[in-house]
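Below is one structure; the comments refer to it alone.
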Amino acid sequence: MTDNTATPLPPNPDPVLNVEITPELVAQHGLLPEEYESVLKILGRTPNLTELGIFSVMWSEHCAYKNTRKLLRLFPTEKKDKDAIGQVLVKAGEENAGVIDVGEGWGVAFKIESHNHPSAIEPFEGAATGVGGIVRDIFTMGARPVLLTNSLRFGSLDSDHVKRLFRGVVHGISNYGNCLGIPNMGGDIYFDDCYEGNPLVNALCAGILKHEDIQRGAATGVGNPVFYVGPGTGRDGLGGASFASRELTEESAADRPAVQKGDPFMEKLLLEACLEMMAIPGLVVGIQDMGAAGLTCSTCETASRGNSGIEIDLDLVPQRETGMNSYEIMLSESQERMLVIVKKGREREIKEVFEKWDLHAAHIGEVKDGDRMVVRHKGVVVADLPAKSLTDEAPIYDQPASEPAHIQAARDWSVNSVPELAVESVESSLNKLLAHPTIASKRWVWQQYDHQVMSGCTVEPGSDAGVVHLSIAGIDKRLAISNDCNNRFCYLDPYKGAQIAFAECMRNLACSGARALAVTDNLNFANPNKPEAYHMLKECVKGLADSCKFFDVPVVGGNVSLYNEHGEGAIDPTPVISMVGLIEKAEAVTRSFIKEAGNSIILLGGLPNELGGSYFLQTEYGKKEGTCPEVDFDEEKKIQDFLIDQIDNGKVISAHDISEGGLLVAISEMLFDNPNLGADISIDYGTSNRLDALLFGESQGRVLIEISENNVSEVLGLAEEYGLSALNIGNSTNSGRLKLKVANHEVLDSNVNELYEVWSNAIPQQMNQN
Amino acid sequence: MKVAILQFPGSNCDWDAEHAVKDVLGIPATRVWHKSSLPSETEAVIVPGGFSFGDYLRCGAIARFSPIMKDLKSFASKGGQILGICNGFQILCEAGLLPGALIRNDCLEFRCINQKVLIQQSNDRFNPEKCGKELVLPIAHGEGNYRLESEELNTLESNNQVLLRYSGNPNGSVNDIAGIRNINGNVYGMMPHPERAVEPYHPSADGLPILSAFLEPVCNRSTVDLSA
């Protein structure tokens, strides 16, 4: 029985809110009966409707990670090697975003966050506000944002609905990010039927700051004033965090009010005003973005971090609609707002900055003694809760897990279940792969993003990693960024699939000449209350955590998005990995395109020999099946170390990782920056190997490098010292033809321009037919 | 000698322009807030790219009412050198300092690409001999489709006021126009971003001859002033 002894709060000034809290109302707020019991215990009385709303958003999966918190503890949050570059300055979960050291007194703040559900309902606004939210997380830390990327997942482009979502999401990202003036370096995009009706929109932002300028989101110093900055609060985005923590259904369209509306111009003003304010020494005590759960989350989180109480008066909150009640103001997710705690007596300074930028800076409350978050409206206390109960006492669940049957089937799969590919079919198979939108050129997307603003773009989207020069900080360093996650492998073997996502991401950085520093992850999964879905979540997290530990690349933050289901279907497990890397020297910047004729092409890592999970099985047979490729981290580490060393030695002219589509797709892609080039490739293989597995298999730990002919024997010799397989498989030519011999038999002689046309036109053609 | 780079709410290439002029070309430059007045030592003005006032209403339509525009107009009337880049070009057109208007790209989408442009024989500073015949410059805009009534267009062409033409029109601009000048040769506007083509890691270094050509008169005068 609950101890119902605390004095109830007075009636709310809005009579609409004075209702009896029934089990139905509790259920509508997404709280389980036992969770409501905990609320009663914490308060010692029945909550009023405003308080119930506050618990509902703060204890939602989106804010409280109640189904994943235990799993997330598996991730390493700092580097083992204390002498390596990339030490963690702000750890995952401590603040709005993690921060790592990049040397010379500078740090990089970065994080990825999902906006999947809003984008499914309202793609333009959903994606746009996804960008807005993650950018605020970064400049809240005191960092100047320097790059954006996105991880996007859609269903098949054959569907008009998917086309509408794809176009809307890209326009939303383009519209918001371009206006902010932060270069968008592209990212990764996959198309798979499992995302039909439930697209994934993950947005990443990275920013640069000096160590001493790192800001904290804590409300400390009793008596310090609490400011609300940014545009007024409206009724948009009411309860967005709870909405994001449910499955999508046919009725979800009725949740459209829960999708926020973005104003990138306001965000730009807020960004500049906040950075200007934070540059004033000693003015800002704490700062927190009003993102998910808006005013609610920012007040209780700052109080909780500061071990303080906080009191705010809603009459002082700028509002752009009339007649809003306390429930609406507290739960609104109006965009482009921040909560700032400044030093008492210096109120004038913050007001001057925001006046310059024509923004509100309203003094709405104070830091208090004790631990209560007290909210007043029209002279009445409308909520009075222990702040820490909202942030730290949310229930944590360990869900039952059971392995889905398809995973065992994938282990038992035999390559003999698919017929061997005939030599005559190689060209058509290659064309089918190049036309698959996951593999095809994404130029249609990234030419809509301003990737050159801030004058730092060093490697434009389309190469293995995007690279920006940090000239805005006045330092001669380059930041490289890569996102990855092949859902097909995660579906077939969640543990290995996550390892592969990690390894490929890191390999992409290595191919660009960058050393990996840290990871931010976006765990996109289905309903965790379903044991099979929870099993895949758990295994992916383990796979990712073990990868981070092996390579000593810590996780500095991220996001969890569950309940990604629509109708009968659920998405494949999609743990998106984003990794930041550093390139110190200009000469080390490496692209994935063959530069000139007459160079040698070396395959590192051995000949591919597995077909399981490959895109070839998809485009040829419509199958998502097979045994996930082998993962050998010792070999992976060797290949990446070797690659970076050879890049630093100036031996590598270009480098490209073999991934979706396999060896032949990778060679083709290397020629697509200049389709007048060609390649003569000749490969020997043992009789036991299959041609399709060799050319289109997606065995891991393979990289192609272009080197000068003069360096071949030296590079091959060095590879041998590393114990690494390195094969000279041919050379680049001026012929405009991709020629391939296998065991001295001609297998392919294709016009590169024709292959290029297939690859570059696939997405525009689909998007232009209506 | 000082280059003033105007900063409106929503400008986002102001740092880029300052970096190109100050750090790369070594010419003193400073950013000037739109509510301030133009510093008296100003010898040239760059109106940078971005989304001034969110590009709400029309690109450049609100910026034209900013307090600093009064100073800018009087600076122009005294023969001061002004260059508008991208959104800056749109602002100068809205303010009537340059003829014409920039409307939505004909592809209806934002375009960020490395664009081939051809330098026209415009005046003694902007011509193929000085700047190079064919340049590659980044463009990044959704509203770069240049429009002008046919009579005015004829005047513009016959006065050699066209600075740059696209080779492969990316936005539907009339006569492939990418950049123009006023009749007096002191106000310039272009959609391509010369300030994004000045570093070794940029797609080209072709922004340098463009910026140098624009700043030539002030650099020369400054040399004279210093020796005097």
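The values are calculated or read from the model by the stated rules, or taken from the named source; none is laboratory data. Source: prediction; values computed, not measured. FYI the Cβ positions are ideal-geometry reconstructions off the backbone, even for glycines, and counts take in every protein chain you see.
Just one of the numbered conditions (1) under 20 Å from the mean Cα position of the chain (by Cα); (2) in the same structural domain as A:LEU147 (by TED's automatic domain parsing); (3) crowded, with 24+ Cβ neighbours inside 10 Å is not true of A:LEU492: (1).
So, in the range A:492-502, exactly how many residues are part of a helix (DSSP H, G or I) and out of contact with any strand residue (DSSP E or B) (no Cβ under 9 Å at 6 or more places or on another chain)?
Step one: of the range A:492-502, the residues part of a helix (DSSP H, G or I) are A:492, A:494-502.
From what's left, out of contact with any strand residue (DSSP E or B) (no Cβ under 9 Å at 6 or more places or on another chain): A:492, A:495-496, A:499.
Summing the residues that are part of a helix (DSSP H, G or I) and out of contact with any strand residue (DSSP E or B) (no Cβ under 9 Å at 6 or more places or on another chain) in the range A:492-502 gives 4.
The condition of being surrounded by fewer than 23 Cβ atoms within 10 Å (Cβ to Cβ), farther than 30 Å from A:ASP315 by Cβ, polar (S, T, N, Q) and in contact with a Gly (Cβ under 7 Å, 6 or more places away or on another chain) does not hold for A:THR77. Of all the numbered requirements in (1) more than 30 Å from A:GLU584 (Cα to Cα); (2) in contact (Cβ under 8 Å) with a residue 12 or more places away in the chain; (3) part of a loop (DSSP other than H, G, I, E, B), A:GLU20 misses one, and that requirement is (2). Across the range B:154-202, the number of residues qualifying as within 14 Å of another protein chain (Cβ to nearest Cβ), closer than 14 Å to B:GLU134 by Cβ and of a type outside the set (A, V, I, L, M) comes to 2.
The set of residues in the range A:14-39 that are surrounded by fewer than 17 Cβ atoms within 10 Å (Cβ to Cβ) and not polar (S, T, N, Q) comprises A:PRO15, A:VAL16, A:VAL19, A:GLU20, A:PRO23, A:GLU24, A:LEU25, A:ALA27, A:LEU32, A:PRO33, A:GLU34, A:GLU37.
Residues in the range B:9-46 that are over 15 Å from the mean Cα position of the chain (by Cα), in a loop (DSSP other than H, G, I, E, B) and not small (Gly, Ala, Ser): 9 in all. In the range A:443-482, the qualifying residues are those that are assigned to a strand (DSSP E or B) and in contact with a helix residue (DSSP H, G or I) (Cβ under 7 Å, 6 or more places away or on another chain), and the one that is surrounded by the fewest Cβ atoms within 10 Å (Cβ to Cβ) is A:PRO461.
If you go through the range A:354-366 and keep only what is crowded, with 19+ Cβ neighbours inside 10 Å, more than 34 Å from the chain's Cα centre (by Cα) and not acidic (Asp, Glu), you end up with just A:GLY365. Any idea how many residues of the range A:624-636 are surrounded by fewer than 16 Cβ atoms within 10 Å (Cβ to Cβ) and either among the basic types (Lys, Arg) or free of Cβ contacts under 8 Å to residues at least 12 places away in the same chain (or both)? Going through the range A:624-636 one residue at a time, the tally reaches 1. Only one of (1) more than 14 Å from chain B (Cβ to nearest Cβ); (2) farther than 30 Å from A:SER159 by Cα; (3) buried (at least 20 other Cβ atoms within 10 Å of the Cβ) is not met by A:LEU433, so which one is it? Of the numbered conditions (1) more than 14 Å from chain B (Cβ to nearest Cβ); (2) farther than 30 Å from A:SER159 by Cα; (3) buried (at least 20 other Cβ atoms within 10 Å of the Cβ), the odd one out for A:LEU433 is (2).
Annotation for the range B:80-102: no member residue is over 22 Å from B:LEU211 (Cβ atoms), within 14 Å of chain A (Cβ to nearest Cβ) and not hydroxyl-bearing (Ser, Thr, Tyr). Evaluated against (1) closer than 30 Å to A:GLY172 by Cα; (2) touching a residue at least 24 places away in the same chain (Cβ under 8 Å); (3) assigned to a loop (DSSP other than H, G, I, E, B), B:ASN169 falls short on exactly one condition, (2). Within the range B:124-136, the set of residues being touching a strand residue (DSSP E or B) at 6+ places or on another chain (Cβ under 7 Å) and either of a type outside the set (Gly, Ala, Ser) or within 14 Å of another protein chain (Cβ to nearest Cβ) (or both) comprises B:PHE126, B:ASN127, B:PRO128, B:CYS131, B:LYS133, B:GLU134, B:LEU135, B:VAL136. Scanning the range A:155-189 for residues that are more than 21 Å from A:LYS111 (Cβ to Cβ), more than 14 Å from every other protein chain (Cβ to nearest Cβ) and either crowded, with 24+ Cβ neighbours inside 10 Å or not hydrophobic (A, V, I, L, M, F, W, C) (or both) yields A:GLY155, A:SER156, A:ASP158, A:SER159, A:ASP160, A:HIS161, A:LYS163, A:ARG164, A:LEU165.
As for the range B:94-113, it holds no residue that is free of Cβ contacts under 8 Å to residues at least 60 places away in the same chain, farther than 24 Å from B:LEU72 by Cβ and touching a Leu at 6+ places or on another chain (Cβ under 9 Å).
Scanning the range B:49-64 for residues that are at the interface with another protein chain (Cβ under 10 Å from one of its Cβ atoms) and part of a loop (DSSP other than H, G, I, E, B) yields B:GLY49, B:PHE51, B:TYR56. Restricted to helices (runs of 4 or more DSSP H) entirely inside the range A:345-435, those with at least 3 residues that are in the same structural domain as A:SER326 (by TED's automatic domain parsing) are A:347-356, A:387-391. Selection of the range A:448-506 for residues being among the charged types (D, E, K, R) and away from chain B (no Cβ under 14 Å) yields A:ASP464, A:ASP484, A:ARG488, A:ASP493, A:LYS496, A:GLU504.
Only residues that are in a loop (DSSP other than H, G, I, E, B), out of contact with any Lys or Arg (no Cβ under 9 Å at 6 or more places or on another chain) and at negative phi were counted in the range A:321-335, giving 3. Only residues that are closer than 21 Å to A:ARG591 by Cβ and either buried (at least 24 other Cβ atoms within 10 Å of the Cβ) or small (Gly, Ala, Ser) (or both) were counted in the range A:672-700, giving 2.
Does any residue in the range A:264-290 that is farther than 11 Å from A:THR140 by Cα and within 11 Å of chain B (Cβ to nearest Cβ) come within less than 6 Å, Cβ to Cβ, of a residue that is crowded, with 21+ Cβ neighbours inside 10 Å and hydroxyl-bearing (Ser, Thr, Tyr) six or more places away or on a different chain, and which pairs are these? Matching pairs, first to second residue: A:PRO264/A:TYR176.
For the range A:647-664, how many residues meet the condition of being in a helix (DSSP H, G or I) and crowded, with 24+ Cβ neighbours inside 10 Å?
The qualifying residues number 4.
Of A:ALA516, A:ALA440, all but one fail to be more than 14 Å from every other protein chain (Cβ to nearest Cβ) and not in a strand (DSSP E or B); the exception is A:ALA440. Residue check: A:LEU200 meets all listed conditions (1) modelled with pLDDT of 95 or more; (2) within 14 Å of another protein chain (Cβ to nearest Cβ) but one, namely (2).
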